[in-house]
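Notes follow once the structure below has been shown.
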Amino acid sequence: MKIPETVVVGPFIYKVSLVDIVNREKPDLIGEAVHCSDKEIRLQKDLDQDKLESVFIHELLHCMDVFMRLGLSEEQVERLEGAVYMVLKQNNLLREG
């Protein structure tokens, strides 16, 4: 999957950034979605391709959760991330282009 520079979720446009450090206050994070006025998905850039794609899907799920006001827990987002990534990969839907 080619990680886009921006992604649209409903009426919102999120900038997608590959960074060295996702959050200086939480150095263990490898991905984060920022939902304030400067909407951004931040991904750690040194992840292998599979992990990068999976983390992108995870953060995108958080964005959809906020937009749709679903109230998903972190555990639910993690489980959905695994399921969505598995189906996309099994069906060869992650290829670039």
Exactly one condition in (1) more than 18 Å from GLY10 (Cβ to Cβ); (2) loosely packed, with under 15 Cβ neighbours inside 10 Å; (3) at pLDDT 95 or above is false for GLU32; which is it? (2)
Quick check on the range 74-84. Is at least one of its residues at pLDDT 95 or above, assigned to a helix (DSSP H, G or I) and of a type in the set (Lys, Arg)? yes
Any pair with Cβ under 6 angstrom, 6 or more apart, that starts in the range 1-15 at a residue that is more than 23 Å from MET86 (Cα to Cα) and ends at one that is part of a loop (DSSP other than H, G, I, E, B) and among the basic types (Lys, Arg): PHE12/LYS39; TYR14/LYS39
Among the residues that make up the range 85-97, is at least one of them farther than 15 Å from ILE3 by Cβ, among the small types (Gly, Ala, Ser) and over 12 Å from the mean Cα position of the chain (by Cα)? no
Assess whether VAL87 counts as being part of a strand (DSSP E or B), hydrophobic (A, V, I, L, M, F, W, C) and surrounded by fewer than 18 Cβ atoms within 10 Å (Cβ to Cβ). no
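State all residues of the range 50-77 that are of a type outside the set (Val, Ile, Thr), under 21 Å from GLU40 (Cβ atoms) and over 9 Å from the mean Cα position of the chain (by Cα); if no residue qualifies, say none.
The first filter runs over the range 50-77 and keeps only residues of a type outside the set (Val, Ile, Thr), leaving 50-54, 56, 58-65, 67-76.
Next, from what is left, pick out any that are under 21 Å from GLU40 (Cβ atoms): 51-54, 56, 58-65, 67-70, 72, 74.
If the condition is that a residue be of a type outside the set (Val, Ile, Thr), under 21 Å from GLU40 (Cβ atoms) and over 9 Å from the mean Cα position of the chain (by Cα), then LYS51, MET64, ASP65, PHE67, MET68, ARG69, LEU70, LEU72, GLU74 are the ones that fit.
State all residues of the range 24-49 that are in a loop (DSSP other than H, G, I, E, B) and either within 12 Å of the chain's Cα centre (by Cα) or free of Cβ contacts under 8 Å to residues at least 24 places away in the same chain (or both); if no residue qualifies, say none. Before you say what the answer is, go through the steps one by one.
Within the range 24-49, the subset in a loop (DSSP other than H, G, I, E, B) is 24-30, 35-39, 45-48.
Within the range 24-49, ARG24, GLU25, LYS26, PRO27, ASP28, LEU29, ILE30, CYS36, SER37, ASP38, LEU47, ASP48 qualify.
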Condition check for GLN76: of a type outside the set (Asp, Glu), exposed (fewer than 14 other Cβ atoms within 10 Å of the Cβ) and on the phi < 0 side of the Ramachandran plot: yes
Complete set of residues in the range 46-66 that are farther than 17 Å from GLY82 by Cβ and surrounded by 14 or more Cβ atoms within 10 Å (Cβ to Cβ): CYS63, VAL66
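The values are calculated or read from the model by the stated rules, or taken from the named source; none is laboratory data. These numbers come from a predicted model, not from an experiment. Neighbour counts are summed over all protein chains in view; Cβ atoms, including those assigned to glycine, are modelled from backbone coordinates with ideal geometry.
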